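Structure first, then comments.
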Amino acid sequence: MLKFCPWCSNLLQLDEDHAGVRFRCRTCPYICKEVDDVLGGSAAWENVDATDERCPKCAHPRAYFMQIQTRSADEPMTTFYRCCNPQCCHNWRD
């Protein structure tokens, strides 16, 4: 899934900092911090599988996951996780 900047139409790059995962444009100041919206919204998490992955925020032992090709085709896919704990729902990537 490729996402493009609404301001300059360049490809958005996946970026991670202390605030979490976000998508940003390399050529203009546009930043999309709502990763759920970029990944397809909350509906994108409805039919995904769960795995034994511990949440870094609440230590719940299971998480939903999905893999998306965010970089070039010769690089590995990025795995996104969402905590299975309904009170937490923390998102992170591998």
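Computed values, structure above
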{"quantity": "Qualifying residue in region 59-67 (condition: open to solvent by less than 50 Å² (accessible area, probe 1.4 Å), at pLDDT 85 or above and within 13 Å of Asp94 (Cα to Cα))", "calculated": "yes"}
{"quantity": "Some residue of region 41-57 being at pLDDT 70 or above, open to solvent by less than 50 Å² (accessible area, probe 1.4 Å) and of a type in the set (S, T, N, Q)", "calculated": "yes"}
{"quantity": "Total residues in region 73-94, condition open to solvent by less than 90 Å² (accessible area, probe 1.4 Å) and over 17 Å from the mean Cα position of the chain (by Cα)", "calculated": "1"}
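The values are calculated or read from the model by the stated rules, or taken from the named source; none is laboratory data. If you're wondering where the values come from, they're calculated on a predicted model, not measured in any experiment. These area figures cover heavy atoms from the full protein model, side chains too; ligands, DNA and RNA do not enter into them. Shrake-Rupley method; radii C 1.70, N 1.55, O 1.52, S 1.80 Å.
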